[in-house]
Every structure is written in structure tokens, then in C-alpha cells.
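So the structure is just underneath, and the comments pick up after that.
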Amino acid sequence: MPTIIDVARLAGVSPTTAKRALSDPTRLHPATLERVHRAIEALQYEPDQTAGALRRGRNKAIGLVVGSIVEPFFAQLARSIGESVRMLGYSLMVADNNYKSDLELEALRQMSGNRVSGLIIRPGYGKTNLEYLLRMQARGTFVLEVDHHPEGSPFSYVMLDNRRCVAEGVRYLAELGHRRIAALGAYDPVFHPEGRSKAFPEAMQAVGLSIPPEYRRVISLNEREAYDLTLYFMGLPERPTALFAYNGTGAIGAFRAIRELGLEIPRNVSLLGFDNYPWTGLVKPAVDVFEQPVEDMGRAAARVVLAAVEEGPPPEPVRLVFPGRLLKRGSCAPPSA
């Protein structure tokens, strides 16, 4: 494998000049830079990123840990972040935690072992990895949370305004006349401690509605469990007249279960969800959803992390909260009974 010394020898320059062609090319004469580039191409030289990370104490890479790699929200978020970090010469390392903190710890160890300069993380549920994240931060990795901010976390974050969206969604359903509204996942301080599930009981209380005990079921944020929970809800003697899904895959699970039961949306049950995925506008009726500004959130997350990496961490945590937009498209209507 060719080294930078081989490149320098072929280009007829010193190793320092050859390195400068990669790290600070504007300082070289164009003719010298051209000779080095020709040597790199001829030798098919590729810099040893690991060795560079060891010298610098960090790599020119940003780590991203998402909740689920199959959730389109996170795919779109990763694309937006990746485009932003590559513009400044950084690469993006992506892993998912499946919303579980034990799997998350494995990903964090990989990120730390690769000496990432910054970390953007969607925290999982379960035993917190706060201690490990603080150690990464102490070693120079800037940490930013996205989509979920655990209570008491000291890190910067980029978030949707979940409380406002849930309040608006419950109010929208209540104004249509719904009194039996069920959310696909109840709040739990360990297994489901996220903002949307926590805001739901408060939003219901604000419009004068209560949640029956049989509507309080804790599930994971995936299609299968949302499907099973919808089947359970629709089999109750007093079944909900409206369902509120907390993410896009949850809405898919609910939609599939409703159709398989031979029920009609919104005549038999209204459906409201999050995430404006393509399928939500293609089915009939199209699904009412809260659209998240995913691209803006991704760019903002990348901007905060890169600024901290390049210029130093901010004196206070950065807190960025983005509004959601309710798209009313036909899946919610007054209850028929």
C-alpha cells in the first residue's frame, strides 16, 4: 500500500508538502499541487484515516445513531445530515439502536473507537447511557440529541415541538366530536419515556377528556406492535372512535389492522399520525398527519455539531425546537356513533 512518502517521492516534493496538498491545498503553488495530485492518482493513494485520527485525537467523521434504520424519517434525516457534513469534508457513520439503550451502547462504543468528532443521537429507551456519553464528551466528542431529549439530559438538542403537535392533534379530534381517543403507545418512564406519549394525557385533560385504563398500553415504536394494539383497541366493547399514531410506522400498522378488520376510515374510526410519508397521500382517504421539517432539522443538527467541532463547543447547550404542520386530508371526521 503506497504511503504519503511514496507520493512525495514521485511528485518530487517533501513529505510535508505532500501532506499539505491534502490538508491545506490553498497554501501550495498550483503547479506543485498538480504534481502531487498526479502522483496520488498514479499510486492510487488513499489517506490512512485511522492514523490521522490517532494523531489528531479524533477523526473527520460525525457519528449518527438513529432510532430505526427502516423508519423513513430517520433515513431522510440521515441524508440531510450527510449532505451537510460532507460539504465540510466530514464523513458520516450511521448506526441504529432500535429504540433500545443496550443496543445503543454497542453503537456508541463503535463510534468512540473510531474517534468521531461529533455525535448526533436519537436516544433509546431503557437504562440510560448518560455516563458513557459524558465520557465521550470529556474526550472531545460533541454530543447532540435529535428527535428525543430525555429528562435531565445536559446535551444540546434538535427537536420537533411534540407537546404543541399532540395538543393540536387532540384538540382537532375533540372539535370533530371524538370523546374516545386512543394513542398508539402510553407513556412509561423507562420503556416509553418520550415526549409525545407524555404530552397525550395532558392534551386530553385540556379538552376535558379522560383516558380509560384499557386504552393505556405501552408498546414499542414499530409497525407490528401498532398493528397488534389497533386490533386490541378495535375489539373492545367501547372501542375508540379515533386513533393517534406517534410515528409513521405506527400509522402503517394501524392502517393495515383497520383495513384487515374490514373497517372504513374515517366512517368507523378516524386515524391521525405523524410523518408525511409518501404512502399517506396515496391511500384513500389520505391520512391526516403532522408533517415534520426533517430536512431543516437535519441541516440544523449538522450545523450545530460542525460549529462545535470546528470552533469549539457553545458556552450553553443549544436548544432548537421546530414546529410541525397538520395536514388535514380526509382520514379524520366526526364519529358516526
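Kindly provide the set of residues from region 276-286 that are in contact with a strand residue (DSSP E or B) (Cβ under 6 Å, 6 or more places away or on another chain) and open to solvent by less than 40 Å² (accessible area, probe 1.4 Å), ordered by number. Explain how you work it out, then say what you get.
In the first step, residues of region 276-286 are kept if they are in contact with a strand residue (DSSP E or B) (Cβ under 6 Å, 6 or more places away or on another chain); the result is 276, 280.
Within region 276-286, Thr280 is the sole residue that qualifies.
Give just the number: which of (1) closer than 22 Å to Pro213 by Cα; (2) open to solvent by 20 Å² or more (accessible area, probe 1.4 Å); (3) of a type outside the set (A, V, I, L, M) does Ser270 not satisfy?
(2)
State yes or no: is Arg56 over 22 Å from Tyr277 (Cα atoms), at pLDDT below 90 and open to solvent by 60 Å² or more (accessible area, probe 1.4 Å)? Step through it out loud before you land on a result.
Numbers: over 22 Å from Tyr277 (Cα atoms): yes; at pLDDT below 90: yes; open to solvent by 60 Å² or more (accessible area, probe 1.4 Å): yes.
Considered against the rule, which asks whether it is over 22 Å from Tyr277 (Cα atoms), at pLDDT below 90 and open to solvent by 60 Å² or more (accessible area, probe 1.4 Å), Arg56 comes out as yes.
For Glu260, which of the numbered conditions (1) more than 17 Å from the chain's Cα centre (by Cα); (2) open to solvent by less than 40 Å² (accessible area, probe 1.4 Å); (3) acidic (Asp, Glu) fails to hold?
(2)
Looking at (1) in contact with a Ser or Thr (Cβ under 6 Å, 6 or more places away or on another chain); (2) modelled with pLDDT under 95, which is the only condition Arg180 fails?
(2)
Among the residues of region 250-271, what is the count of those that are in contact with a helix residue (DSSP H, G or I) (Cβ under 7 Å, 6 or more places away or on another chain) and not hydrophobic (A, V, I, L, M, F, W, C)?
Result for region 250-271: 4.
Scan Val158, Val170, Val166, Val190 and give me the residue that is at pLDDT below 95, β-branched (Val, Ile, Thr) and within 30 Å of Ala254 (Cβ to Cβ). It would help to see each step written out before you state the result.
Numbers: Val158 fails: at pLDDT below 95; Val170 fails: at pLDDT below 95; Val166 fails: at pLDDT below 95.
Unique residue meeting the criteria: Val190.
How many of the residues making up region 189-224 are within 16 Å of His148 (Cα to Cα) and in contact with a His (Cβ under 6 Å, 6 or more places away or on another chain)?
Looking only at that region, the number is 1.
So Gly118 ticks every box in (1) in contact (Cβ under 8 Å) with a residue 60 or more places away in the chain; (2) of a type in the set (Gly, Ala, Ser); (3) not in a strand (DSSP E or B) but one. Which box is left unticked?
(3)
Look through region 61-78, keep the residues that are open to solvent by 20 Å² or more (accessible area, probe 1.4 Å) and outside any helix (DSSP H, G or I), and return whichever of them is farthest from Ser117 (Cα to Cα).
Val70
Select from region 101-114 the residues that are surrounded by 17 or more Cβ atoms within 10 Å (Cβ to Cβ) and in contact with a Gly (Cβ under 7 Å, 6 or more places away or on another chain) and write down the one among them that is modelled with the highest pLDDT.
By that ranking, first place goes to Glu104.
I'd like to verify a number: residues in region 84-115 that are among the polar types (S, T, N, Q), in contact with a strand residue (DSSP E or B) (Cβ under 9 Å, 6 or more places away or on another chain), over 23 Å from Pro313 (Cβ atoms) and not in a helix (DSSP H, G or I), how many?
Qualifying residue count, region 84-115: 1.
How many residues does region 292-305 hold that are over 14 Å from the mean Cα position of the chain (by Cα) and either at positive phi or open to solvent by 10 Å² or more (accessible area, probe 1.4 Å) (or both)? Explain how you work it out, then say what you get.
First pass over region 292-305, keeping only residues over 14 Å from the mean Cα position of the chain (by Cα): 303-305.
Okay, now just the ones that are also either at positive phi or open to solvent by 10 Å² or more (accessible area, probe 1.4 Å) (or both), so 303-304.
The total comes to 2.
Would you list the helices (runs of 4 or more DSSP H) that sit entirely within region 147-239 and hold 2 or more residues that are surrounded by fewer than 16 Cβ atoms within 10 Å (Cβ to Cβ) and of a type in the set (Lys, Arg)?
Helices (runs of 4 or more DSSP H) meeting the threshold: 162-175.
The values are calculated or read from the model by the stated rules, or taken from the named source; none is laboratory data. For clarity, every value in this text was computed on a predicted model and none was experimentally measured. Reconstructed Cβ throughout: ideal geometry from the backbone, glycine too, with neighbour counts over all protein chains shown. The protein model used for the area step is the full one, side chains on, heavy atoms only, and it has no ligands, DNA or RNA in it. Shrake-Rupley method; radii C 1.70, N 1.55, O 1.52, S 1.80 Å.
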